[in-house]
Amino acid sequence: MGQVAEKVAIVTGGARGQGAAHARTLAANGASVVITDILDRDGAAVAAEIGDRAHFIHHDVTDEAGWHAVVQETLRRFGRIDILVNNAGIVAFNTTQDTPREQLERTFQVNVVGAFLGLQAVHGPMLSVGGGSVINIASIAGVKGAKGMVAYGVSKWGMRGLTRYAAQDYAPDHIRVNAILPGVIDTPMTRDQAPPGKLEKVMAAIPWGRMGTSQEVADLVLFLASDASQFITGAEIAIDGGATA
């Protein structure tokens, strides 16, 4: 408890699934949390559940002006920004040959450009308080090829590259940038969007024998957000039950 006390976090895609778990866990450990998402009802419900130290903002991460508005509202309400969790993302299931250009571009815009704009938007506020922590939620699909999800996989490779470059650029400002690479996590997006039979095949390849939970990922987010990880930057940490071992 209290690992991020007095800190202020922004969690994108925080209305449900992993993002909601990140927001709840950071708040339970002392942080004030701004939750952003395009799912207004779900996002507002999570913020209301957390209480006075949480606030919801409608936000499309591909909108640069929207990022500016989120930062300004966070500063107005809570006075500072210490943590950014770039969690917002979309997934698509198609092969290289079957993927429409529009799907590839949209997935890249949300998953990579959205995180890039977030990094730019929080730099000044984090610099003003002596540093901070940015956590990019990537995927093990950005480590090895996964048949039938090229747009998603390519975007997660991009997030890994963005993490490494930003970590180098932001290190002099004491802003840490790390990536978490979840494997198969039991979320609504995983269950609702996976093709029939896909989950069973994937789980058969997990040495731990099950999907991960949003809380397990959130605990790792908490560690990287806290001062316990203050010498870790540019890292990629897989949380996948041994799938990439």
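What to note about this one:
- Helix axis angle, 114-128 relative to the chain longest principal axis, alpha carbon, degrees: 20 degrees
- Acute angle (nearest 10 degrees) that the helix 40-50 long axis makes with the longest principal axis of the chain, alpha-carbon atoms: 60 degrees
- Modelled spin-label separation between TYR165 and LEU199, with each label point placed 7 Å from Cα along the Cα-to-Cβ direction: 3.6 nm.
- Within the straight-line cut-off of under 21 Å between alpha carbons, the lysines reachable from LYS147 are LYS156, LYS198, LYS201, sequence neighbours fewer than 8 places apart in one chain being disregarded.
- Of the chymotrypsin sites (Phe, Trp or Tyr not before Pro) found in region 199-243, those in coil by DSSP whose Cβ has at most 14 other Cβ atoms within 10 Å are TRP208, PHE231.
- Within-15-Å neighbourhood charge of ARG16 [Cβ basis; K, R +1; D, E -1]: -3
- Hydrodynamic analysis of region 56-150 uses the Kirkwood radius over alpha carbon pairs. Inserted into Stokes-Einstein at 10 °C and 1.306 mPa s, it gives a translational diffusion coefficient of 108 µm²/s.
- Pairwise centroid distance, computed over Cα atoms, of region 1-32 with region 81-154, Å: 19 Å
- C-alpha long axis of helix 214-225 to longest principal axis of the chain, angle in °: 40 degrees
- Summed side-chain charge close to GLU49 - residues other than GLU49 whose Cβ falls under 13 Å, Lys, Arg +1, Asp, Glu -1: +2
- Within the accessible area of region 104-227, the carbon and sulfur atoms contribute 60%, probe 1.4 Å, all protein chains present.
- Dividing the summed -39500 (n - 2.57) terms of all DSSP H runs of n ≥ 4 by the residue count of the chain sets its mean residue ellipticity at 222 nm at -13500 deg cm²/dmol.
- Shape call, region 1-80: gyration tensor on alpha carbons, a/c limit 1.5: oblate
- Across ASP42, ASP173, the residue with the most accessible area heads the list, and the full order at a 1.4 Å probe is ASP42, ASP173.
- The residues of region 129-245 expose on average 48 square angstrom of accessible surface per residue, using a 1.4 Å probe on protein heavy atoms.
- Net charge contributed by nearby residues that have their C-beta within less than 12 Å of ASP60 (K/R +1, D/E -1): -3
- Translational diffusion of region 102-221 was estimated from the Stokes-Einstein equation, with Rh taken as the Kirkwood radius over Cα pairs; at 25 °C and 0.890 mPa s the coefficient is 157 µm²/s.
- (1) 18.2, 57; (2) 16.9, 49; (3) 20.9, 68, with the label sought being that of the calculated Rg and Dmax of the Cα atoms in Å: (2)
- Simple label model, 7 Å out from Cα along Cβ direction - LEU127 to ILE232, nm: 2.7 nm
The values are calculated or read from the model by the stated rules, or taken from the named source; none is laboratory data. Computed from a predicted model, the values in this text were never measured in an experiment. Cβ atoms come from the backbone with ideal geometry, glycine included; neighbour counts cover every protein chain shown. These area figures cover heavy atoms from the full protein model, side chains too; ligands, DNA and RNA do not enter into them. Shrake-Rupley method; radii C 1.70, N 1.55, O 1.52, S 1.80 Å.
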